[in-house]
Structures are given as structure tokens and as C-alpha cells.
Amino acid sequence: MARKLDQILVVDVESTCWDGPPPEGEESEIIEIGLCVIDVGKLERLSKHSLLVRPERSTISPFCTELTTLTPDMFEAAGSLREAVKRLKQEFDSKDRLWASWGDYDRRQFERVCSAAGVGYPFGITHLNVKSLFAVSHGLKHEVGLDGAYEMLNLPMEGTHHRGDDDAWNIAGILCRLLGAARATKL
């Protein structure tokens, strides 16, 4: 269980991807960790961060660049997955805090990539799936994408869709709205 409930770490990862299956010998790996910190007491987004992670077992394809705007030259000075995980643990107390993402992809991708790289998982066991929470709180028959949720709320998304820090910021905005509505409801 999360030991610190003063903040929620909202995470969105971008990974190497291709228009079709990966080239032989390559596998999808995390190349950006977007993070938005929420103040739980005030239900405010405090900050957003983009941690670029140098790919080691894949390349950034033209399709990936088109989708994310991330280009290979942006990773020349990027750190390793190990360094990014260390930063999450040290700067954000990620092992002790509740963390959230849009869907379960980010959690599963972290588990898979950390295992493959021999890097310790940066989070505790308490994960909040905002995509599922949004669907059930709105009585939907199925989950929707982040852009679909913003359309349903009649709100514009901020920043660039499929950039980790901007998507984390937008996910955090929805989570703050959902938590605010829950607090306003008296049982």
C-alpha cells in the first residue's frame, strides 16, 4: 500500500514503436517517462516532468517520431532506464506514493522493460487506473482514450498528445476532476 498519500504521481510513458511489428532484434522500450505531480489536499497539478530514456534495444522509427514528435537526436544526452528509475525513486518517492496512469499499459510496460533490463521496478504496488475510473464514474459501457475523455468533458487537451509530460498533465487534470466530484458527493 502507498505509505504517502500527500501526492499522486501521474505517469505516462512513450515507447519505441513501428507501423507494424518491430524490426528483427528490436523490442518496444520506454523512451519517455512523463510525470505530473498532484497535490492531493488541494487537488492541484503541481508540476510536470519529461524524463527521456536512451533506447538500448531498439531505434526510434519515423513512425514513432510522427506519433510522439520524439526524434533520435533528442536522445544523444538522455540517460539510461536505470538512471530514470533512480530519479523517480529519489526525487519523487515513487516507491512510497500512489501512482496513476491512463489504462494499464504504462504499468505493464514498466514491469516488462524493467525486468528485461534488470532494473528494479520504481513504484510500489498501489496503482490507480484512471481510464477505468473515468469509465465507471461516467457510467460508460467501455473505456475510452484520453482524447475521447476530453471530448466527452468538452475540454481542450493541453500540449502535444503522445508526449509523456503533456499526456501526464492531461490525465492528472481528469483525475483531479474525478476526485473533486467524489469529494463533493456526500454519502
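Structure values in brief
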| quantity | calculated |
| --- | --- |
| The chain - charge dipole about Cα centre, Lys and Arg +1 at Cβ, Asp and Glu -1, debye rounded to 20 | 1120 debye |
| q = 0.15, 0.16, 0.27 Å⁻¹, region 110-180: log10 I(q)/I(0) [Debye, one scatterer per Cα] | -0.61, -0.68, -1.22 |
| Prolate/oblate/rounded call for region 14-56, Cα gyration tensor, a/c under 1.5 rounded | prolate |
| Per residue value of the accessible surface for the chain (all protein chains in place, 1.4 Å probe), Å² | 51 Å² |
| Ellipticity estimate at 222 nm from DSSP helix runs (n ≥ 4, -39,500 (n - 2.57)) divided over the chain, nearest 500 | -11000 deg cm²/dmol |
| Carbon + sulfur, % of accessible area of region 61-163 - ligands and nucleic acids excluded, 1.4 Å | 53 percent |
| Of the GluC sites (Glu not before Pro) in region 67-173, those whose Cβ has at most 12 other Cβ within 10 Å and which sit in DSSP loop | Glu76 |
| Within a Gaussian network of the chain (alpha carbon springs, distance under 10 Å), most fluctuating of Ala78, Ala168, Ala116 | Ala116 |
| Cα-based Rg of region 65-159 normalised by 2.2 N^0.38 Å, two decimals | 1.30 |
| Degrees between helix 164-184 axis and first principal axis of the chain (Cα, 0 to 90, nearest 10) | 20 degrees |
| Descending semi-axes in whole angstrom, ellipsoid equivalent of region 1-147, from the Cα gyration tensor | 26, 19, 14 |
| Alpha-carbon Rg with Dmax, taken over region 1-87, Å | 15.3, 48 |
| 11 Å beta-carbon shell around Leu70, net charge (K/R +1, D/E -1) | -3 |
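The values are calculated or read from the model by the stated rules, or taken from the named source; none is laboratory data. Values in this document were obtained by computation on a predicted structure and should not be read as measured data. In this analysis, Cβ positions are derived from the backbone assuming ideal geometry, glycine residues included, and neighbour counts consider all displayed protein chains. Protein only, heavy atoms only, side chains kept; ligands, DNA and RNA dropped before computing areas. Shrake-Rupley method; radii C 1.70, N 1.55, O 1.52, S 1.80 Å.
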